[in-house]
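J.: After the structure tokens below, expect a handful of questions from me.
Just so it is clear, none of the values below were taken in a lab; they were calculated from the coordinates. Everything quoted here is computed from the prediction, not taken from an experiment. Virtual Cβ from ideal backbone geometry, glycine too; neighbours counted across all protein chains shown.
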Amino acid sequence: MKKRTFVKTPWYRLDLSAIVYPTLQRRNFSSVYRISVLLNKKIDPVILQQAVEQTMPRFPTFKVAMRKGVFWRYLEPNQSPGPFVEPDIVNPCMPMSFKRRGRYLIRIYYYERRISLEVFHSLSDGSGALYLLRTLTAVYLRLLGYKIPDGHGVLSIEEKPDMEELEDAYIRYASSKVRPPRSRSRTYRIRGTKEPFYTLNIITGILEVDKLLFVTKKYKVTVTEYLNAVLLYAILSKQKEDHVFRELPVSIAMPVNLRRFFPSKTLRNFITMVYPSVDPRMGEYTFEEVLLQVHYYMRYYLNDKFLNADITTNAAVTQNLLIRIVPLFVKDIVVRQFYKRVQDKQSSAGLTNLGIVEVPEEMRAHVERFEVLMGQPFSARTNCAVVSYGNTISISFASSIVEADVERLFFRKLVQEGIHVKIETNRNRGNS
């Protein structure tokens, strides 16, 4: 086996998306998400730990700890032992402390046939973390004696990282002469009974991709457009059921993978947010009308021109000289208040779609499906995460309230469309 060599760097700046997540950290909230792979055989934790130790040096931007400077936080290589695999827990995506030196910002869990990777969002978005999980899984299967090649999302642990994998791609592409404003109208917020401290309610629907595609082709829309419309329609219905005094717009916060529009190999964050929405104050909307509005919204906003302008706005804020010299504790106060009072109120729910997961042909027989979970919302609402593998699509909701009305309305609409849905949940009450 040839000697491994890796890129060495003393530290990494937080990318443009990563800066905000530590600021929002609080006792009962942490920007942690989870990606899981379900294999066809029970996990051996000893072999999995060996796979972690072989895999992590290939991903230097994940093998880090967060440090706090006078003006900015940054990431430095973490030489502490770990990360260590652990048995899975009932409430995933628990708050992740980064204040103690040497604390890793990822967790790796196992349960029966499932391997789960949890990531603090300052390290990477879901697309970047998916490379780590697929590579780790491939190394694990190799240690069990299976011949799994590199490629199709599996990176070679014998090669050093490409420098482009480590870059802040926002800075490379932020070049628009237009900087769109950030303010949007206040939206409808779901009200519910708060669960006890960090109880995360998860409801996952398992669907067949070909059945879903049959419906989306009938409407002549994409899967992402269709699922956004179903969620918007469910929240509109929920607002009607609540008999609110004054109806408000319903909006979905949806991350967009910028790698689709700006070529980059970065394994760090490279996303921006769009907000498909419907305003019921304009009148009663049928599902078809909601779907049409989402369809044309996506066609209008999802292009390199609009997205470049959006990331340029973010880059301009961090590169402003006045902002750069403001002490970090002042930045934290301002950003936290802005997010709490303005940003968080601009969406009724979140929906992310990781898309179709590819793996090497030799690995497919060992993998049943992938799952993704956005983790606890910042405020009382529900977050939806979608991922597809083979003919299976997994749709997972995460919330910290007892009621599951939106989830019920969402999956009911899919069933009404003729799509069979298998429900899995960590809830143990009848209201799910």
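J.: Going toward the positive end of the dipole of the range 12-157, with +1 on Lys and Arg Cβ and -1 on Asp and Glu Cβ, which of THR61, ALA18, TYR131 do you reach last?
T.: My answer, from the dipole projection, is ALA18.
J.: While we're here: With both bridge residues required to lie in the chain, what share of the DSSP beta bridges run antiparallel, to the nearest 5%?
T.: Numbers: 55 of 65 bridges.
That works out to approximately 85 percent antiparallel.
J.: Given the peptides 384-391, 305-312, arrange them by the average over their residues of other C-beta atoms within 10 Å, most packed first. Mind dumping the intermediate values first?
T.: Details: 384-391: 21.0, 305-312: 18.6.
Packing order, densest peptide first, comes out as 384-391, 305-312.
J.: Another one. Can you count the Lys pairs in the range 12-157 whose Cα atoms are under 29 Å apart, with each pair 8 or more apart or on different chains?
T.: On the way: LYS41/LYS63; LYS41/LYS147; LYS42/LYS63; LYS42/LYS147; LYS63/LYS99; LYS63/LYS147; LYS68/LYS99.
Lysine pairs satisfying the spacing and distance rule in the range 12-157 number 7.
J.: Report the GluC sites (Glu not before Pro) located in the range 86-187 that are in a DSSP loop and have at most 14 other Cβ atoms inside 10 Å of their Cβ, or state none.
T.: Qualifying residues, ordered by number: GLU112, GLU158, GLU159.
J.: To continue, here is another question. List the residues, sorted by chain then number, that are 5 or more residues from ARG369 or on another chain and whose placed amide H is less than 5 Å from its amide H.
T.: Close amide H contacts, sequence-distant or interchain: LEU38.
J.: I want to verify a result. In a Gaussian network model of the chain, Cα cutoff 10 Å, which of these has the top mean-square fluctuation: PRO180, PRO276, PRO83?
T.: Looking only at PRO180, PRO276, PRO83, the largest GNM fluctuation is found for PRO180.
J.: When the Karplus curve 6.51 cos²θ - 1.76 cosθ + 1.60 is applied with θ = phi - 60°, which whole-Hz ³J(HN,Hα) does each residue of the range 215-228 get, with x for Gly and Pro?
T.: So the J values, rounded to whole Hz, are 6, 5, 5, 4, 8, 6, 9, 7, 4, 5, 4, 5, 5, 4.
J.: If you don't mind, there's one more thing I want to ask. Using the count of nearby Cβ atoms within 10 Å as a rough guide to exposure, how do HIS243, HIS121, HIS152 rank from fewest to most?
T.: On the way: HIS243 6, HIS121 24, HIS152 15.
Starting with the residue having the fewest Cβ neighbours, the order is HIS243, HIS152, HIS121.
J.: Separate question: Contact order normalised by length for the range 12-157, with contacts defined as Cα pairs under 8 Å and 6 or more residues apart; what percent is it?
T.: Working: 238 pairs, mean separation 47.8, N = 146.
That works out to 33 percent.
J.: Need one number: the % of Cα-Cα pairs in the range 7-153 sitting beyond the 27 Å mark. Present the calculation step by step, with values, prior to reporting the outcome.
T.: Details: 2227 of 10731 pairs.
Every Cα pair in the range 7-153 considered, those over 27 Å come to 21 percent.
J.: Would you mind ranking VAL274, VAL372 so that the residue whose beta carbon has the fewest other beta carbons within 10 Å leads the list?
T.: Values: VAL274 19, VAL372 23.
Least crowded to most crowded, the residues run VAL274, VAL372.
J.: Using a Gaussian network model on the chain with a 10 Å cutoff between Cα atoms, which of ARG100, ARG408, ARG186 fluctuates the most?
T.: Among ARG100, ARG408, ARG186, the largest GNM mean-square fluctuation belongs to ARG100.
J.: Let me ask another. Within 10 Å, Cβ to Cβ, of LYS265, how many net charges do the neighbouring residues add up to if Lys/Arg are +1 and Asp/Glu are -1? Present the calculation step by step, with values, prior to reporting the outcome.
T.: Details: positive: ARG259; negative: ASP162, GLU164, GLU165, GLU167.
Cβ neighbours under 10 Å give a net charge of -3.
J.: If the elastic network links every pair of Cα atoms under 10 Å, which of LYS345, LYS177, LYS331 fluctuates the most in the Gaussian network model of the chain?
T.: LYS177
J.: Quick one: net charge of TYR104's neighbours, Cβ under 14 Å, K/R +1, D/E -1?
T.: On the way: positive: LYS63, ARG67, LYS99, ARG100, ARG101, ARG103, ARG107; negative: GLU53, GLU76, GLU86, GLU118.
Taking every other residue near TYR104 into account, the sum is +3.
J.: With the contact rule set at Cα under 8 Å and sequence spacing of 6 or more, what percent relative contact order holds for the range 254-336?
T.: Details: 38 pairs, mean separation 20.1, N = 83.
Across the range 254-336, relative contact order equals 24 percent.
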